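Reading through the structure tokens given below for one structure.
The values are calculated or read from the model by the stated rules, or taken from the named source; none is laboratory data. Bear in mind the structure is a predicted one, so any value in this text is a computation, not a measurement. Here the Cβ is made from the backbone with ideal geometry for all residues, glycine too, and neighbour counts use every protein chain on show. The accessibility values were calculated without ligands, DNA or RNA, using every heavy atom of the protein model including side chains. Shrake-Rupley method; radii C 1.70, N 1.55, O 1.52, S 1.80 Å.
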Amino acid sequence: MGQKKRLFNTTVIHSGHKEDKETGAVMPPIHLSSTFKQKSPGDFKYEYARTNNPTREILEKLLAEIEEGNHAFAFSSGMAAINCLTDSLDKDFHIICSDDVYGGTRRIFDKVKSVNQNIEITYTDFNKENNWPGLIKNNTKMIWIETPSNPLLKIVDIKKIKSEISSENIKIVCDNTFASPYNQKPLTMGADVVLHSSTKYLGGHSDLIGGAIVIKDDLQLTEKIKYLQNAVGSIPSPFDCYLLIRSIKTLGVRMERHNSNAMLISEFLQNHPKIKKVRYPGLKSDPNHELATSQMNGYGGIISIELDTDLKGTLKFLENIEIFTLAESLGGVESLIEHPAIMTHASINKNIRDELGISDSLVRLSIGIEDPEDLKNALENSLNLL
Ligand SMILES: Cc1ncc(COP(=O)(O)O)c(C=O)c1O
């Protein structure tokens with residue numbers, strides 16, 4: 001039999017490391033050493049753990065492989081990864097960004113990068129704005145997309161964006177946090193760079209903060225990110241790298257369950273009289289359903305809903321719900337629920353939130369891998385209080 005490319009669930013379990021040569025340990029050791037002995041000055045495999053570390057190296061190989069990229073870099077948070085990527089562009093440049101992105105991404109762009117690096121950001125809805133390439137300027141360096149987006153679950157057509165850019169100098173950056181590489185592989189559809197908050201599905205257990213950048217084949221950008229990762233030093237600890245290696249082994253099975261649970265729950269919510277609107281790309285009624293079906297292998301575990309009530313009623317629903325924990329973040333095995341306007345997207349000005357549709361009755365659910373009947377009951381009971 002010839003060598004066949006391994007499929008996802010085999011790759012996540014077997015890539016990046018083999019049994020330890022010295023001990024036969026099946027799982028890789030956590031290398032805590034901050035420094036490494038050199039045979040002669042400058043003659044070493046590892047030098048100093050900020051620059052490289054054997055545990056981080058395993059994680060980075062694994063990340064590159066599951067995103068089908070060539071180079072991956074792990075960071076201490078998703079925001080550290082975003083910061084490093086924008087630092088790679090020097091000064092005075094322009095980014096065109098999806099209008100619906102994580103609040104922290106908008107915050108660093110509008111309040112930090114535009115001040116410190118004089119970057120200009122134009123936000124747009126790539127689905128509505130057919131003429132978006134008209135926004136490209138001489139100094140446009142990045143098209144920044146988040147798909148599915150946070151919190152409104154809009155889907156951006158990655159292949160179409162690629163086909164509409166004529167300059168090689170403009171890079172497509174895709175924040176793949178919501179989909180995870182199990183559900184979507186942006187680098188195979190024209191994106192140049194994938195970004196993750198690995199705090200979410202990659203970590204999957206709400207017990208670490210991490211970030212990642214995966215690059216397809218831009219060697220110049222790869223060298224810059226490698227340089228900055230070491231120079232700035234926002235790296236994950238060896239223990240967090242180990243946790244990620246361990247978690248990624250179950251990414252496929254977790255995502256299948258997140259996908260199927262969220263599908264069932266979104267169908268249930270769609271028919272509920274106390275709910276005005278459900279956004280879940282898996283629903284046939286969702287405006288982006290066809291697009292999501294064409295570029296994703298699964299629709300993910302995040303649902304956003306608009307309740308048929310005001311802020312007071314929404315808070316009552318959130319305060320009383322069982323099983324779902326009222327907390328920021330997403331992508332863990334346990335179901336979480338949150339209020340974007342007061343929590344994750346509070347850093348966005350109210351007028352922009354209103355324009356986007358992040359209303360006081362919008363609620364975001366991160367559907368975990370519990371039994372879906374229990375999740376449905378919990379939602380039903382709390383909705384009945386309205
Ligand atoms: C889509 C997305 N990108 C980036 C981030 C930032 O990641 P982190 O919280 O790990 O810094 C988040 C955090 O919620 C996110 O949801």
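For this structure, a couple of remarks:
- Set of lysines near LYS216 by C-alpha distance (under 20 Å), chain-local residues within fewer than 8 positions excluded: LYS5, LYS61, LYS141, LYS159, LYS160, LYS162, LYS171, LYS185, LYS224, LYS226
- Across SER180, SER98, SER206, mean-square fluctuation computed from a Gaussian network of the chain (C-alpha pairs under 10 Å connected) peaks at SER206.
- Packing rank of 66-75, 127-136, 341-350, where each peptide gets the mean count of other beta carbons within 10 Å, highest leading: 66-75, 341-350, 127-136
- Within region 43-153, the proportion of C-alpha pairs whose separation exceeds 17 Å stands at 64%.
- Amide H contacts of TYR123: CYS97, each under 5 Å away and 5 or more positions distant or on a separate chain (H built 1.01 Å from N in the peptide plane; Pro and chain starts excluded).
- Qualifying trypsin sites (Lys or Arg not before Pro) for region 1-52 [loop in DSSP, other Cβ within 10 Å: at most 12]: LYS4, LYS5, LYS18, LYS21, LYS37, LYS39, LYS45
- Cα-centred dipole magnitude for the chain, charges only on beta-carbon of K, R (+1) and D, E (-1), debye, nearest 20: 740
- Derived value for the chain: Kirkwood hydrodynamic radius 21.7 Å. Basis is the mean of 1/r over every pair of different alpha-carbon atoms.
- Measuring nothing but protein heavy atoms, the accessible surface of the chain at 1.4 Å probe radius is 50 percent carbon and sulfur.
- Cα-based helix-to-principal-axis angle, 372-383 vs the chain, degrees rounded to 10: 50
- Close amide H contacts of THR344 (hydrogens built in the peptide plane, cut-off under 5 Å, sequence separation of 5 or more or a different chain): HIS339.
- Taking Cα atoms only, the orientation of helix 219-232 departs from the longest principal axis of the chain by about 90 degrees.
- At q = 0.18 Å⁻¹ the log10 of I(q)/I(0) for region 216-315 amounts to -0.92, computed by Debye summation with a single uniform scatterer per C-alpha, solvent ignored.
- When the convex hull of its Cα atoms is projected in every direction, mean area for region 153-270 (nm²): 9.0
- Selection from HIS31, ILE369, VAL101, by position along the positive dipole direction of the chain (Cβ): HIS31
- Residue-averaged [θ]222 nm for the chain, counting only DSSP H segments that reach four residues, each worth -39500 (n - 2.57): -9500 deg cm²/dmol
- Pairwise FRET efficiency - GLU19 versus THR124, Cβ, R0 = 35 Å, nearest 0.05: 0.10
- Between region 17-91 and region 164-221, the C-alpha centres lie 17 angstrom from each other.
- Charge dipole (Cα centre; +1 on Lys/Arg Cβ, -1 on Asp/Glu Cβ; no other charges) of region 205-339 amounts to roughly 140 debye.
- For the chain, the solvent-accessible area with a 1.4 angstrom probe is 45 square angstrom per residue.
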